[in-house]
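Written out below as C-alpha cells is the structure these notes cover.
The values are calculated or read from the model by the stated rules, or taken from the named source; none is laboratory data. All values derive from a computational prediction rather than experimental measurement. Because the Cβ atoms are built from the backbone with ideal geometry, glycine has one as well, and the counts that use them run over all protein chains shown. Surface accessibility is based on the protein's heavy atoms, side chains included, excluding ligands, DNA and RNA. Shrake-Rupley method; radii C 1.70, N 1.55, O 1.52, S 1.80 Å.
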Amino acid sequence: RLRVYNAAASRSEEVDAVVDSGATFCQVPRDVADRLELRPFATRRLRLADGRVVELGLANAMVELPEQGEVAATSMIITDVGATAILGTMALDSFGLGVDTAEQRLIPKVLDLLTQTNWPTI
C-alpha cells in the first residue's frame with residue numbers, strides 16, 4: 001500500500017502500488033490524480049515496458065509507505081485511468097530502500113553521498 005498526497009498535503013488517497021525498480025518516477029492513474037487535484041507542471045517522454053515512447057504529465061506529489069510512516073516528496077507521472085500505481089526508484093531512494101528481487105521485498109540500503117566531485121557549482 002502507498003499513500004499519495006498532493007503537493008499541499010490537503011488531499012491524500014491510499015492505493016495499491018507495484019514496486020518497479022526499472023521505473024524512475026512514481027505513477028498514479030488519472031482518476032486518482034484528479035481526486036487528489038494533482039496538476040502536471042511539465043511533460044516527460046517515457047519509454048514503457050513494451051518499448052513504446054509516450055509523453056505524459058508530471059506533477060509534484062508526496063508519497064508515504066503507511067507501515068513506515070515516512071513521507072517523501074517526489075515527481076509523479078499521471079497515466080491512464082485504471083492503470084496500476086507504481087512506486088519508482090526516485091521515491092525508493094528517498095526512503096532509503098532497495099529491492100530484494102529473490103524475496104520480493106523492500107530492504108534498507110546504504111545511500112551514497114558524494115562530498116567532493118570537482119564539478120563546478122551550478
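With θ taken as phi - 60° and the Karplus curve 6.51 cos²θ - 1.76 cosθ + 1.60 applied, the whole-hertz 3J(HN,Hα) list for segment 12-25 is 8, 8, 8, 9, 7, 9, 9, 7, 10, 6, x, 9, 5, 9 Hz, x standing for glycine and proline. Under a 5 Å amide H to amide H cut-off, with H placed in plane at 1.01 Å, what residues pair with Gly98 once short-range neighbours are removed? Long-range HN contacts for Gly98: Ile107, Lys109. The GluC sites (Glu not before Pro) of segment 22-122 that meet both conditions, a loop assignment by DSSP and at most 14 other Cβ atoms within 10 Å of the site Cβ, are Glu37, Glu67, Glu70, Glu103.
For segment 58-70, 3J(HN,Hα) computed residue by residue from phi via the Karplus equation (6.51, -1.76, 1.60; θ = phi - 60°) reads 10, 10, 7, 8, 10, 10, 9, 8, x, 5, 8, x, 9 Hz, glycine and proline entered as x. Using a probe radius of 1.4 angstrom, the carbon and sulfur fraction of the accessible surface of segment 1-94 is 44%.
For Val99, the shell of other residues with beta-carbons less than 11 Å away shows a net charge of -1, using +1 for Lys and Arg and -1 for Asp and Glu. If both residues of a DSSP beta bridge must be in the chain, then about 80% of such bridges are antiparallel.
The Rg/Rh ratio of the chain, with Rg taken over Cα atoms and Rh as the Kirkwood radius over Cα pairs, comes to 0.99.
Probing with 1.4 Å while keeping every protein chain in the model, the per residue accessible area of the chain equals 65 Å².
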